[in-house]
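Below is one structure, written out as C-alpha cells; the observations come after it.
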Amino acid sequence: MRSSLELESARAAFEQSTDFTVGLEEEFAVLDGRSLGLAPRFEELRDAGQADAVLAESIAGELISSEIEIRSGRCIDLGAAFVAQRDRRRRLFSLAAEQGLSLGSTGTHPWSDYRDQQIIDTEHYRRVEDGLKYVAWRNNTFSLHVHVGVRGADRAVLVCDRLRPVLPLLLAISANSPFLDGRDSGLHSARSQIFTKSFPRCGVPDAFGSWAAFASYIDFLVSTRSIVEYTQVWWSVRPHFSFGTVEVRICDAQMTAPESEGLAALIVACVAQAARDIDEGLPFTDFPRRLIEENFWRAIRHGLDGELLDLDRAESYPAAEALDRLLAWSAPMRGELGIEVALPALNGAQRQRRMTDTGVSLPEAYAAVVAETRDTYAASAAEVTR
C-alpha cells in the first residue's frame, strides 16, 4: 500500500476514534522451567494456545522465539482492560506451566546469551533482522505498551508532543532491568540502552505540532525507502496507525501484575491529561529533544536513585519525586476517569539490586523474581484485586 493511502486511512482511524479506550500489551520472557534460562519455544506456546479461543486471538510474537506477548485488545476503558488482561494472563501462565515453561517479566534476562536466541519466522521480523542485523540480534528485551484512544489526528500528534518530556519520568518509575550478560550493568534500565538507544527511529521523537507535519515525515521515510511499513517507527510514544491510539512504549516489563497495572493506570492518566490540556489551550513548551535526552539518560543510568531535571526551571530534583509530579499533574483527569495509581516506593531495578547487594546470587534473585511474577500474573482476577 502506498504511504499516502496508509496515511489517509490512519487519519480516518483517528477521526473516528473514541477518547480513552485502552489496550494493554505485556511482553514476557519464555523460560526453561528448570534453569530459568531463555527457551526458544514461542511457536510451541502459540500453537498450543490455538485450542483456547481467547489465547488464540491475544497471543503475539515479538522478535525472538524466547519471547511472547499477551494483548487485552481494545477495551472501553481502563477497568475493562484490566479485566480482559487478567483473564488472558491467567490462561497464558497456565498454558506455559502445562508446557514445562516459566515466564519472566523483567526488562532484560539477567544472563542468557543473545547469540543463542532465534528470530521468529515471520515476514515482519525477517525484514527487521535483514535491516538491522546486530541491532536486532542484541535486542532481547521485554516491555509494557499501553494504547489509549485519542479522537482527532491533529490532537493525537499534539498529545504525543506533550508526552515527550514525560517519557523519562515514566522510564525512571518503571526501570526494571539492572542485570545483563550475567552481571550488574550499572544501569537501571539496560533494556532502554539496548533497544531505545540502538534502534533507528526510536526513543524521544521530535515535536511535530500537526498531523500534516507528522504525515510529511512518514511519507519521506517511505518515499526514500527508509521504511516499508509504519511499524518500523519505534518511538517511545507514537500515534498508532491501525488503532487510532496514542501508544506509550517507554516502560520496562514489570515483575508483578499490580505494578504493571499501576503503570498502565498512570500512563492512561497522563495521555488523558495531555489531551485535556490541549483542549483547554494550556501553555506548553516543546523542549528540544537534546534537553529531554538528558533526562532520558539519567533515567536509564540511575532510575529512581538519581536526579532528574526540571526543564522549565533548569534545576535538578530527586528522581524519587517523579511519580508524585505526574500524579499532581494528572489529578484532574484521574478524578474524572476514576483512575487510581498504586505503585511501590522502590521500582523493580531497585528491588532486584537490593537482593544481590545482600549476597544473594543472580540466579537466586531471578528465581525469586520469577516466582513473584508467577504468583501475581497467574492469579485470577478476583485474587489480583483482593
I need the full set of residues from the stretch 127-159 which are closer than 17 Å to Glu229 by Cβ, under 22 Å from the mean Cα position of the chain (by Cα) and without any contact (Cβ under 8 Å) to a residue 60 or more places away in the chain, in order please.
Glu129
Looking only at the stretch 261-283, decide whether some residue is in contact (Cβ under 8 Å) with a residue 24 or more places away in the chain, in a loop (DSSP other than H, G, I, E, B) and aliphatic (A, V, I, L, M).
no
From the list Leu78, Leu55, which one is over 29 Å from Leu180 (Cα atoms), in contact with a Lys or Arg (Cβ under 6 Å, 6 or more places away or on another chain) and either without any contact (Cβ under 8 Å) to a residue 60 or more places away in the chain or among the aliphatic types (A, V, I, L, M) (or both)?
Leu55
Checking Glu69 against (1) in a helix (DSSP H, G or I); (2) free of Cβ contacts under 8 Å to residues at least 60 places away in the same chain; (3) under 20 Å from the mean Cα position of the chain (by Cα), only one condition comes out false. Which one?
(1)
Would the stretch 348-359 turn up any residue that is of a type outside the set (Ser, Thr, Tyr), exposed (fewer than 15 other Cβ atoms within 10 Å of the Cβ) and part of a helix (DSSP H, G or I)?
yes
Which one of these is within 27 Å of Ala269 (Cβ to Cβ), among the polar types (S, T, N, Q) and in contact with a helix residue (DSSP H, G or I) (Cβ under 7 Å, 6 or more places away or on another chain): Ser192, Ser198?
Ser192
Which condition from (1) assigned to a loop (DSSP other than H, G, I, E, B); (2) out of contact with any Phe, Trp or Tyr (no Cβ under 8 Å at 6 or more places or on another chain) is the one that Arg151 breaks?
(2)
Any hit, the stretch 1-15, residues being closer than 22 Å to Leu144 by Cα, at pLDDT 95 or above and of a type in the set (Phe, Trp, Tyr):
no
Residues to consider are Ser236, Ser216, Ser242, Ser210; find the one that is in contact with a strand residue (DSSP E or B) (Cβ under 8 Å, 6 or more places away or on another chain) and among the hydroxyl-bearing types (Ser, Thr, Tyr).
Ser236
Complete set of residues in the stretch 157-179 that are in contact with a His (Cβ under 9 Å, 6 or more places away or on another chain) and small (Gly, Ala, Ser):
Ala172, Ala175, Ser177
Within the bounds of the stretch 28-39, is there any residue that is closer than 26 Å to Leu78 by Cα and either among the polar types (S, T, N, Q) or modelled with pLDDT of 95 or more (or both)?
yes
In the stretch 101-122, is there at least one residue being part of a helix (DSSP H, G or I), within 21 Å of the chain's Cα centre (by Cα) and under 25 Å from Asp52 (Cβ atoms)?
no
Counting just the residues of the stretch 221-249 that are in contact with a Pro (Cβ under 8 Å, 6 or more places away or on another chain) and part of a strand (DSSP E or B), which one comes out surrounded by the fewest Cβ atoms within 10 Å (Cβ to Cβ)?
Trp234
For the stretch 1-58, name all the residues that are assigned to a loop (DSSP other than H, G, I, E, B), farther than 23 Å from Ala371 by Cβ and over 22 Å from the mean Cα position of the chain (by Cα).
Met1, Arg2, Gln16, Gln50, Ala51, Asp52
Taking the condition more than 22 Å from Leu263 (Cα to Cα), assigned to a helix (DSSP H, G or I), modelled with pLDDT under 95 and among the basic types (Lys, Arg), does Arg126 pass?
yes
Yes or no: Glu294 touching a strand residue (DSSP E or B) at 6+ places or on another chain (Cβ under 8 Å) and assigned to a helix (DSSP H, G or I)?
yes
Go through (1) in contact (Cβ under 8 Å) with a residue 12 or more places away in the chain; (2) farther than 30 Å from Gly37 by Cα; (3) part of a helix (DSSP H, G or I) for Val369 and report which single condition fails.
(2)
On the given criteria, is Ala265 among the hydrophobic types (A, V, I, L, M, F, W, C) and within 20 Å of Trp329 (Cβ to Cβ)?
yes
In the stretch 38-72, the residues that are surrounded by fewer than 18 Cβ atoms within 10 Å (Cβ to Cβ) and closer than 21 Å to Phe195 by Cα
Pro40, Ala60
Of all residues in the stretch 87-100 being among the aliphatic types (A, V, I, L, M) and under 19 Å from Glu372 (Cβ atoms), which is farthest from the chain's Cα centre (by Cα)?
Ala97
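The values are calculated or read from the model by the stated rules, or taken from the named source; none is laboratory data. Not measured: the values here are computed from a predicted model. A quick note on method: Cβ atoms are made from the backbone with ideal geometry, for glycine too, and the neighbour counts reach across all protein chains shown.
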